[in-house]
Amino acid sequence: MKKTVGIIGAGTMGGGIAQVAALAGFDVLLHDVSGDALKASMERIKGDLRKSMQTGRATASDATGALTRIRPRREFNDLGAADVVIEAAVEDLEVKKEIFRALDQIVAPRAILATNTSSLSITSIGSLTKTPESVVGMHFFNPPAQMKLVEIVRGSQTSDETVRTVYEMALAMGKTPVFCSDTPGFIVNRVARPFYGEALRLLGEGTATAEQIDRIVRLSGGFRMGPFELMDMIGIDVNYAVTKSVYEQFFHEPRFRPHPIQRRMVEAGTLGRKTGLGFYRYE
Ligand SMILES: NC(=O)c1ccc[n+]([C@@H]2O[C@H](COP(=O)([O-])OP(=O)(O)OC[C@H]3O[C@@H](n4cnc5c(N)ncnc54)[C@H](O)[C@@H]3O)[C@@H](O)[C@H]2O)c1
């Protein structure tokens, strides 16, 4: 079993994946370009582990053990010691390509390079490395500590061994891995596009408010959250980037078209829970 996991990006997903991996016994190197993001992430992880202890989801020794296994790292080159790297930086193909190009220079030849991308092409990201057979999608869901599903996405050159290794890692983290091919948005984000898109169109047309739509979806469909609550949790910027990426990769297929409301909110910096204001206000 691979032992040291490097994580790139200490935001909503990277921090959560670090926590899950450390609780499962992996040594974690958590990297972010922003020192503030790294600090905030460690605080969030500490707070969440404390809550897990209080609610009995983790024992005190598991939680303290996990915390000692996460080492925050500002220096990108420190990731060279990782057996598996999971990239969870922003949903931007150019940024991810740059990261994988740089990773390729520092990791051991047999290291596995995974990306937590929600929608981008694993094949395209892998093509920039000397070892595209070691590049794979490992798509966790938000919040990683609670969501069981992990989509394991196979690029056109990903090897069986790589797929098997990350599948076993996901199992070791207590997750339910599912396989899927390298198609824009994979399974869940593909199915979810019309969920958000139609809700935004209803809102834009003035048919109903965000609160009404969320409530009706919860009541009628048994969903735990409505589309606007979910977009606020994901981050409006992240959701908009994923929608744009799926739309572009499907050659501007109209049914995947992003909505101007999303763009306006990104321009305004009202990004949901993480900024305190999205479709709802948060204290
Ligand atoms: N938010 C979700 O619900 C969700 C769910 C599943 C997958 N994802 C995917 O996970 C990835 C991260 O999303 P997030 O919501 O955690 O984003 P986020 O904005 O919360 O965090 C991204 C972090 O990456 C850092 N970063 C940016 N460029 C970097 C670089 N070059 N090197 C190192 N760090 C860098 C930023 O400083 C930030 O801390 C995206 O690809 C997203 O599509 C998000």
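Find the accessible area per residue for the chain; the probe is 1.4 Å, ligands and nucleic acids are left out, and the unit is Å².
Numbers: 13420 Å² over 283 residues.
Computed with neighbouring chains in place, this is 47 Å² per residue.
Kindly provide the helix-only [θ] at 222 nm of the chain, computed as the sum of -39,500 (n - 2.57) over DSSP H runs of four or more divided by all residues, to the nearest 500 deg cm²/dmol?
Roughly -15000 deg cm²/dmol at 222 nm, from the helical runs in the chain.
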Between the range 105-129 and the range 1-69, how many Å separate their Cα centres? 22 Å
FRET efficiency for Asp78 and Arg218, using Cβ-Cβ distance with R0 set to 45 Å, rounded to 0.05: 0.55
Cβ-derived FRET efficiency at R0 30 Å, Ser156 paired with Arg101, nearest 0.05: 0.95
List every residue whose amide H lies under 5 Å from the amide H of Gly6, counting only residues 5 or more places away in sequence or on a different chain, with H placed 1.01 Å from N in the peptide plane. Leu29, Asp83, Val84, Val85, Ile86
Please compute the modelled spin-label separation between Thr68 and Val33, points set 7 Å along Cα→Cβ, answer in nm with one decimal. 3.5 nm
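Based on Cβ point charges of +1 for Lys and Arg and -1 for Asp and Glu, what charge dipole magnitude is obtained for the range 48-201 about its Cα centre, in debye rounded to the nearest 20?
Numbers: 19 positive and 18 negative charges, 90 e Å.
In total the dipole reaches around 420 debye.
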How large is the translational diffusion coefficient of the chain in µm² per second when you combine the Kirkwood radius over alpha carbon pairs with Stokes-Einstein at 20 °C and 1.002 mPa s? 110 µm²/s
Given an 8 Å cut-off on Cα distances and at least 6 residues of separation, report the relative contact order of the range 191-274 as a percent. 32 percent
Using the Karplus equation 6.51 cos²θ - 1.76 cosθ + 1.60 (θ = phi - 60°), what ³J(HN,Hα) coupling, rounded to whole Hz, does each residue of the range 142-151 give in order, writing x for Gly and Pro? 9, x, x, 5, 10, 7, 7, 6, 9, 7
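Within the range 8-54, report the trypsin sites (Lys or Arg not before Pro) that DSSP leaves as loop and that have at most 15 other Cβ atoms within 10 Å. Walk me through the intermediate numbers first.
Numbers: sites: Lys39, Arg44, Lys46, Arg50, Lys51; in loops: none.
Hits after loop and neighbour filter: nothing returned.
Going by accessible area, probe 1.4 Å, with all protein chains left in place, what is the ranking of Val217, Val90, largest first?
Values: Val217 30, Val90 90 Å².
Sorted by accessible area, descending: Val90, Val217.
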For Cys180 and Ala108, what does the FRET efficiency come to when R0 = 35 Å and r is the distance between their Cβ atoms, rounded to the nearest 0.05? 0.80
Given charges of +1 on the Cβ of Lys and Arg and -1 on the Cβ of Asp and Glu, with all other atoms neutral, how large is the dipole of the range 131-195 about its Cα centre, in debye to the nearest 20? 320 debye
Leaving out ligands, DNA and RNA, and with a 1.4 Å probe, what % of the accessible surface on the chain is carbon or sulfur? 54 percent
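How would you order 93-103, 16-26 from highest to lowest mean count of nearby Cβ atoms within 10 Å? Intermediate values should be presented prior to the final figure.
Details: 93-103: 16.9, 16-26: 24.2.
Put in order of decreasing packing, that is 16-26, 93-103.
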How large is ³J(HN,Hα), in whole Hz, for each residue of the range 228-245 in order, when computed from phi with the Karplus curve 6.51 cos²θ - 1.76 cosθ + 1.60 and θ = phi - 60°, using x for Gly and Pro? 6, 4, 5, 4, 5, 6, 5, x, 4, 5, 5, 5, 5, 4, 5, 4, 4, 5
State, as an integer percentage, the relative contact order of the range 4-181 based on alpha-carbon contacts under 8 Å between residues 6 or more apart. 21 percent
Charge dipole (the chain, unit charges on Cβ, about Cα centre) - positive-most of Val95, Ala81, Leu149: Leu149
Which residue, chosen from Leu67, Val163, His252, occupies the Cα position most advanced towards the positive end of the dipole of the chain, where the dipole is computed from +1 (Lys, Arg) and -1 (Asp, Glu) charges on Cβ about the Cα centre? Leu67
Please work out how much accessible surface Glu205 shows to a 1.4 Å probe, ignoring ligands, DNA and RNA, in Å² rounded to 10. 130 Å²
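The values are calculated or read from the model by the stated rules, or taken from the named source; none is laboratory data. Keep in mind the model is a prediction, meaning the values are calculated, not measured. Cβ sites come from the backbone with ideal geometry, for glycine too, and all protein chains shown count toward neighbours. Accessible surface is based on the protein model in full, side chains and every heavy atom, while ligands, DNA and RNA are left aside. Shrake-Rupley method; radii C 1.70, N 1.55, O 1.52, S 1.80 Å.
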